Amino acid sequence: MTALEQLGSVIASSATPSAAARELVGLHLIDTVGAWIAGAHTTEGSALLRFRAAMSADGPAGDALALDLATRFARARLSE
């Protein structure tokens, strides 16, 4: 069983989260998306987007997901 399958099994067998837990997750998601958007409008965020474009042009297609995720995580962290 892969790690993804194990995670899916744990999630499928877990109890329904409480309303308070769902509200906290919702707030965290909104905060993260807001940080990701705000980080894109900084000088460093623009540089990250240029870096991602340059790396995408030079690198193999298999690394595209990792590069996109790393860029997006970094942009979210820029607004902290």
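The values are calculated or read from the model by the stated rules, or taken from the named source; none is laboratory data. Fair warning: this is a prediction, and the values are worked out from it, not measured in the lab. We place every Cβ from the backbone using ideal geometry, glycine too, and count neighbours over all the protein chains shown. Remember, those area values only see protein heavy atoms, side chains included, never the ligands or the DNA or RNA. Shrake-Rupley method; radii C 1.70, N 1.55, O 1.52, S 1.80 Å.
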Total charge dipole magnitude, the chain, about the Cα centre, Cβ charges on Lys, Arg, Asp, Glu only, Debye to nearest 20: 120 debye
Residue of SER56, SER18, SER46 that the Gaussian network model of the chain assigns the largest fluctuation, springs spanning Cα pairs under 10 Å: SER18
Rounded to 10°, Cα long-axis angle of helix 19-40 versus longest principal axis of the chain: 0 degrees
Between 0 and 90°, nearest 10: helix 43-58 axis offset from the chain longest Cα axis: 80 degrees
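Could you sort ARG22, ARG52, ARG77 by accessible area so the largest value comes first, with the probe set to 1.4 Å?
ARG77, ARG22, ARG52
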The chain: angle of helix 3-13 to the longest principal axis, Cα-based, in degrees nearest 10: 40 degrees
Solvent-accessible heavy-atom area per residue, rounded to whole Å², over region 27-80 at 1.4 Å: 72 Å²
Protein accessible area in the chain, 1.4 Å probe - carbon and sulfur %: 67 percent
